[in-house]
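Rule-based calculations on the coordinates, nothing more; no lab input. Fair warning: this is a prediction, and the values are worked out from it, not measured in the lab. Every residue, glycine among them, receives a Cβ derived from its backbone with ideal geometry; neighbour counts consider all protein chains shown.
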Amino acid sequence: MADILTRGIARNGRVRVFACDTTALVNVAQVKHGLWPVASAALGRTMSVGCMMGSMLKSENEKITIEINGGGPMGTIMVDAHHDGSVRGFVADPEHHYIYNDTNKLAVGVAVGRDGYLKVIKDMGLKQAFTGQVELQTGEIGDDFAYYFAVSEQTPSAVSVGVLVDTDASVIASGGFIIQMLPDATEEDIVYIENKLNGFPTVSSLIADGKTPKDMIDMIFEDYEELETCELSFSCNCSRERCYRVLGTLPKEDLLAMIEEDHGCDMHCEYCSSTYHFEEKELREIYDYLVIKEKTHA
Ligand SMILES: [Zn+2]
């Protein structure tokens, strides 16, 4: 079943809400990157928020990039998401295992660390991108984004994200929801939402039980009005052609070293773990082109 995202408004338009099921795409990420369970949980939670933030963008040309680094053993988490539902991401070091002893749950906050930052870059196709950054609160991702929305975007928000991983490391369920107070939200709206979310089941358990994003929203709001539902997918825009063009921007000496010492090169895309190999002959072509270009410009 394809992953989906639903967004809409509730409480007479004073609140907006996003919900998503990202189980399939987090499974794709798990396989591509060989994620261990706690890395699936950290990346999956971040990708779910990324998808929902992507749907907050206004147009197809806009992109959101999330970077989280809490100084923990897993290192940096990077996620890119677009308005059309495509998302990609990776964690620097996916091979760690941490469990909270008291709850037996994956210790995302330990793997991520909490001494660091959460950064969001909104590329709106203009010269200047919007960048917002906050200090991490717990490293559990959901809390950190709630803090980010409140501080950096002045939008009080409830963020719930979760990932359930099986014993064979495959992802059973992943998804989340974000509820945001619009400027004319009332105290009553805030109390209503707090009461609803108090003791609310975890998102991952709801998705594992077969609930759709819309079902989850219906459990919270009685007057939800849907604005859009779209499909989500893991997709990376890297390609051999792009890598070829990047090689053409390298200093000549570097290319020469790859030709004479390495007799070829491999270019790796961290986002999707693809590797593109270039033969010595191809590097020579690029090198010769750069030499000719330099001569004609001399
Ligand atoms: Zn890629």
Item checked: Burial ordering of L126, L250, L5, L197, fewest other beta-carbon atoms within 10 Å first -> L126, L197, L250, L5
Notebook entry, point to check: Under a straight-distance cross-link criterion of Cα-Cα below 25 Å, which lysines are reachable from K211, leaving out those fewer than 8 residues away in the same chain?
Noted result: K105, K196
Next item on the list: Go ahead and set up a Gaussian network model of the chain, Cα springs under 10 Å, then flag whichever of N101, N12, N69 fluctuates most.
Entry: N101
Margin query: To the nearest 20 Debye, how big is the dipole of segment 3-234 about its Cα centre, given +1 on the beta carbon of each Lys and Arg and -1 on that of each Asp and Glu?
Written below: 460 debye
Check: Is segment 205-261 best put as rounded, prolate or oblate by its Cα gyration tensor, with a ≥ b ≥ c the root eigenvalues, rounded for a/c under 1.5, and otherwise prolate when a/b is larger than b/c, oblate when not?
Finding: prolate
Note to self: I need the Kirkwood Rh of segment 124-272: take the reciprocal of the average 1/r across all distinct C-alpha pairs and report it in angstrom.
What the structure shows: 19.9 Å
Next item on the list: Would you work out which of A129, L25, A92 lies farthest towards the positive end of the dipole of segment 1-160? Charges go on Cβ: Lys and Arg +1, Asp and Glu -1.
Entry: A129
Margin query: With bins 10 Å wide starting at 0, give me the P(r) of the chain over every alpha carbon pair, in whole percents.
Written below: 6, 25, 31, 20, 10, 5, 2, 0
Next item on the list: Please report, to two decimal places, log10 I(q)/I(0) for segment 240-297 at q = 0.19, 0.21, 0.29 Å⁻¹ as given by the Debye formula with identical point scatterers on the Cα atoms and no solvent.
Entry: -0.65, -0.78, -1.24
Check: When the helix-only estimate is applied to the chain (DSSP H runs of n ≥ 4, each -39,500 (n - 2.57), divided by the residue count), what is the mean residue ellipticity at 222 nm, nearest 500 deg cm²/dmol?
Finding: -10000 deg cm²/dmol
Check: Within segment 39-81, what residues put their amide N at less than 13 Å from the label point 7 Å along the Cα-to-Cβ vector of D93?
Finding: 70-77
Next item on the list: With a bin width of 5 angstrom, please list the P(r) values of segment 24-136 as percents of all Cα-Cα pairs, from the 0 bin to the one holding the largest distance.
Entry: 2, 13, 21, 22, 18, 13, 6, 2, 1, 0
Next item on the list: Name the residue farthest towards the positive end of the dipole of the chain from the options P201, H263, I292, assuming +1 on Cβ of Lys and Arg, -1 on Cβ of Asp and Glu, about the Cα centre.
Entry: I292
Next item on the list: Return the single residue from S152, S239, S274 with maximal mean-square fluctuation; model: Gaussian network over the chain, springs between Cα atoms under 10 Å.
Entry: S239
Margin query: Counting other beta carbons within 10 Å of each residue's own, what order do R114, R7 fall into, fewest first?
Written below: R114, R7
Next item on the list: Report, ordered by chain and residue number, the lysines lying within cross-link reach of K32, taken as a straight Cα distance under 18 Å and ignoring same-chain residues fewer than 8 apart.
Entry: none
Check: How would you rank F149, F278, F130, going from fewest to most other Cβ atoms within 10 Å of each one's own Cβ?
Finding: F130, F278, F149
Next item on the list: For K293, go through the lysines and keep the ones whose alpha-carbon is under 16 Å away, minus same-chain ones fewer than eight residues off.
Entry: K252
Next item on the list: Just report the Cα centroid separation between segment 204-245 and segment 169-202, whole Å.
Entry: 16 Å
Note to self: Just to confirm my numbers, what's the Cα centroid distance between segment 27-56 and segment 60-77 in Å?
What the structure shows: 11 Å
Next item on the list: Enumerate cysteines in the chain without a disulfide-compatible partner, where compatibility requires another Cys Cβ under 4.7 angstrom.
Entry: C20, C51, C230, C243, C265
